[in-house]
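Peer 1: Have a look at this one.
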Amino acid sequence: MIYIPDIPLVDFAAQQAARDKLQSADVPEQLGALAVRIAAIRGELGVELNHKHIVLIGADAGHAQANPAETKTQMQAILDGTAEINRLATQHQAPLTLADVGMTLPITDPSIQSLRVAQCANMATGPALVITEVNDAFMVGMNIGSLEISRGMNLMAAGAVTSVGGVLPAIAVAAVLGQTAVAEIMPQEDPFDCGLSIAAQIELIEHAISINTPEKIDVIDVIRCVGSAEIATLAGLMLVAAAGRVPVIIDGLISAAAAYTAASLNPAMRFCLVAGKRPIHPAHTFILQKLGLRPLVDLNTTSQAAEGAASAFDLVNQATDLLLN
């Protein structure tokens, strides 16, 4: 049994005060709604989210389509400062936290927190994780979140560093938690180009669900059977951030699956979420609909490394400025 932190209820007084302040203002609907949401999360009307943090969790899935070399290349580019997320972090003066919780090809570097708690197995042949690995991954995420909050974080962009094959567990998690057929949340063409036809992806995910038989109402068991270390870690990270009234901007499909996981454990979590980039995969769209979120940024990228979430920082600044003036 993992610890699920309490998340404060929406501050309805701050929410209404924000609505009242913007009632006569000529502002775009989506920007005004974002301002109201942030006021409700933070519990105050005039707030400067000037301690933005970007947290990236690195890990590899265990199925055959995962590509550990791709994960290592992505992480190395971030360490070298050449990735797009580095530019966004610099632009917004946002600290960039990197953690390895299960990369198959780890990188030894002081800039990466080596918190290796799980080495995912092939979900097509058995459970992706054992229960202790799931618990440890959640706790690692919570510890990272607690540390970042202690350093002043009041807005978080969360993403994953993994190969394109890492999206398959995210699709599986969405299908099981959302109690929908896998085929219903699959595209006609694969935007991630993970090396399998769409029909083969559906077959793999359905097979993994069939042989592992996750308990649909047991979120931890779902992650154990068909999830991944980065999903579990990100979910723990998001739960602690929400408990600290820190708005969480989710990024791509993997980050969205983690948010759905966290919200399934504590429904109050969904009110602390902000959607970053527009989905390019139906499973991502499905999750955002389940969470009641509309994306802020039209960014057509397959990256899961919080680029869409960090790109939304500018809109968050604009939204909070509406309540400061």
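Peer 1: Taking Lys277, is it closer than 14 Å to Ile250 by Cβ, of a type in the set (Lys, Arg), surrounded by 24 or more Cβ atoms within 10 Å (Cβ to Cβ) and in contact (Cβ under 8 Å) with a residue 24 or more places away in the chain? Before the answer, list the steps.
Peer 2: Details: closer than 14 Å to Ile250 by Cβ: yes; of a type in the set (Lys, Arg): yes; surrounded by 24 or more Cβ atoms within 10 Å (Cβ to Cβ): yes; in contact (Cβ under 8 Å) with a residue 24 or more places away in the chain: yes.
So Lys277 fits the description; yes.
Peer 1: So, one more: Quick check on this structure: which one of His281, His207 is in contact with a Phe, Trp or Tyr (Cβ under 8 Å, 6 or more places away or on another chain) and either more than 17 Å from Ile4 (Cβ to Cβ) or of a type in the set (Val, Ile, Thr) (or both)?
Peer 2: His281
Peer 1: Right, something else. Any residue at all in the range 271-288 that's assigned to a helix (DSSP H, G or I), of a type in the set (Phe, Trp, Tyr) and closer than 17 Å to Asn50 by Cα?
Peer 2: no
Peer 1: Also, I was wondering about something else. When you scan the range 217-230, do you find a residue that is outside any helix (DSSP H, G or I) and surrounded by fewer than 24 Cβ atoms within 10 Å (Cβ to Cβ), even just one? It would help to see each step written out before you state the result.
Peer 2: Going through the range 217-230, the residues outside any helix (DSSP H, G or I) turn out to be 217-218, 227-228.
Applying the additional criterion that residues be surrounded by fewer than 24 Cβ atoms within 10 Å (Cβ to Cβ) yields 217-218.
Within the range 217-230, one or more residues are outside any helix (DSSP H, G or I) and surrounded by fewer than 24 Cβ atoms within 10 Å (Cβ to Cβ).
Peer 1: Evaluate the range 295-309: report whether one residue or more is surrounded by fewer than 24 Cβ atoms within 10 Å (Cβ to Cβ) and touching a Gly at 6+ places or on another chain (Cβ under 6 Å).
Peer 2: Within the range 295-309, one or more residues are surrounded by fewer than 24 Cβ atoms within 10 Å (Cβ to Cβ) and touching a Gly at 6+ places or on another chain (Cβ under 6 Å).
Peer 1: Hey, another quick one. Out of all the residues in the range 71-116, which are among the small types (Gly, Ala, Ser), closer than 24 Å to Gly236 by Cα and surrounded by 13 or more Cβ atoms within 10 Å (Cβ to Cβ)?
Peer 2: Narrowing the range 71-116 to residues among the small types (Gly, Ala, Ser): 77, 81, 83, 89, 94, 99, 102, 111, 114.
When the remaining residues are screened for being closer than 24 Å to Gly236 by Cα, the result is 89, 94, 99, 102, 111, 114.
Across the range 71-116, the qualifying residues are Ala89, Ala94, Ala99, Gly102, Ser114.
Peer 1: When both residues are 6+ apart or on different chains and their Cβ atoms are under 7 Å apart, which pairs have a first residue that lies in the range 257-273 and is closer than 16 Å to Val246 by Cα, and a second that is in a helix (DSSP H, G or I) and among the basic types (Lys, Arg)?
Peer 2: Close Cβ pairs (under 7 Å, with a partner that is in a helix (DSSP H, G or I) and among the basic types (Lys, Arg)) amount to Ala263/Arg270.
Peer 1: Looking for something buried (at least 17 other Cβ atoms within 10 Å of the Cβ), closer than 24 Å to Pro247 by Cβ and among the polar types (S, T, N, Q) - is there at least one such residue anywhere in the range 129-144?
Peer 2: yes
Peer 1: Just to be sure, is Lys21 in a helix (DSSP H, G or I), out of contact with any Gly (no Cβ under 7 Å at 6 or more places or on another chain), surrounded by fewer than 21 Cβ atoms within 10 Å (Cβ to Cβ) and modelled with pLDDT of 95 or more?
Peer 2: Answer is no for this residue.
Peer 1: Assuming Ile287 fulfils every condition listed in (1) touching a Lys or Arg at 6+ places or on another chain (Cβ under 9 Å); (2) within 25 Å of Pro187 (Cα to Cα); (3) of a type in the set (A, V, I, L, M); (4) buried (at least 22 other Cβ atoms within 10 Å of the Cβ) apart from one, which condition is it?
Peer 2: (1)
Peer 1: Take Ile57 and tell me if it is crowded, with 17+ Cβ neighbours inside 10 Å, touching a Ser or Thr at 6+ places or on another chain (Cβ under 6 Å) and modelled with pLDDT of 95 or more.
Peer 2: yes
The values are calculated or read from the model by the stated rules, or taken from the named source; none is laboratory data. All values reported here derive from a predicted model rather than from experimental measurement. Cβ atoms come from the backbone with ideal geometry, glycine included; neighbour counts cover every protein chain shown.
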